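Participant: Just passing along the structure, written as structure tokens.
The values are calculated or read from the model by the stated rules, or taken from the named source; none is laboratory data. Since the structure is predicted, the reported quantities are computational estimates derived from the model, not experimental observations. Because the Cβ atoms are built from the backbone with ideal geometry, glycine has one as well, and the counts that use them run over all protein chains shown. The protein model used for the area step is the full one, side chains on, heavy atoms only, and it has no ligands, DNA or RNA in it. Shrake-Rupley method; radii C 1.70, N 1.55, O 1.52, S 1.80 Å.
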Amino acid sequence: MPTREERTLKLVKGSGGTVTRRRAVVRRVPRVEEDPVELLGRLDEEPVLDSPPQRPSRPQWIVFVACAVVALALAAAVLGGYRWYGDRALDKAHEAALAAARQTAVNFVSVSASSVDRDLQRIVAGATGEFKDEFVRGQAQVRAAIVENKVESTGTVLRAGLVSGDRRSAVVLVAVDATVKNAKAPEGRPSHYRIQVDVTRDGDAWRVARLQFVG
């Protein structure tokens, strides 16, 4: 019987009419068996790629957001408390300034020949700065005029309004009604005054730094 090689021969006609036989060569690729130990060794020697960054799990995000919300809430509370404290302190300063201006205006138009020294001293105690210095310098003349004319004056504040102010100073406009008696008008006559009072904080007290009649 013909062999496998003989069955795979091809007939090719040459130029001389002869027939040339060619052998088709079939090559077998040897099968390479991979050693498992060597394979694992090569895998250990290969560089390991850096793993991509992992996103935090859902619980971690929840904790982060919760902490941020708490921090913002605390900051808002502190800021709100500071603003509240500042507003409250400013309100108290304005109230004290108004009270000082009202009292000084009443003191200034409420004097009597029978209590002149005490009345003038009360005005001095509520004054400060240049206003106090000027009043003290003219106090003797004022006292003499009150005693000589037998002045009896009593005043009442109708209203007082804050023109401007902060925690240390304020400008207040005070409307005052007064009944004035003297040697020429023993029955008394009504008077109406509008007084601008500039007050300033002097330690824990508010005192008058300027006083002028504006109407």
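Participant: Given the conditions (1) open to solvent by 40 Å² or more (accessible area, probe 1.4 Å); (2) within 20 Å of H192 (Cα to Cα), and given that I123 satisfies all but one, which numbered condition is not satisfied?
Facilitator: (1)
Participant: Is it the case that D202 is under 23 Å from R118 (Cα atoms), of a type in the set (D, E) and under 38 Å from the mean Cα position of the chain (by Cα)?
Facilitator: Criteria met by D202.
Participant: Select, from V163, V157, the only residue that is closer than 16 Å to A100 by Cβ and within 34 Å of the chain's Cα centre (by Cα).
Facilitator: Exactly one residue qualifies, and that residue is V163.
Participant: Next up: Do you know which of the residues in the stretch 126-140 that are among the hydrophobic types (A, V, I, L, M, F, W, C) and open to solvent by 60 Å² or more (accessible area, probe 1.4 Å) is nearest to F213 (Cα to Cα)?
Facilitator: Here the answer is V136.
Participant: Suppose the filter is touching a residue at least 24 places away in the same chain (Cβ under 8 Å), assigned to a strand (DSSP E or B), of a type in the set (S, T, Y) and open to solvent by 60 Å² or more (accessible area, probe 1.4 Å); does T200 pass it?
Facilitator: So T200 fails the test.
Participant: For the stretch 161-179, does any single residue satisfy the condition of being open to solvent by 60 Å² or more (accessible area, probe 1.4 Å), in contact (Cβ under 8 Å) with a residue 40 or more places away in the chain and part of a strand (DSSP E or B)?
Facilitator: yes
Participant: Considering A183, A113, A101, which residue is open to solvent by less than 70 Å² (accessible area, probe 1.4 Å), modelled with pLDDT under 90 and touching an Asp or Glu at 6+ places or on another chain (Cβ under 9 Å)?
Facilitator: After ruling out the rest, the residue left standing is A183.
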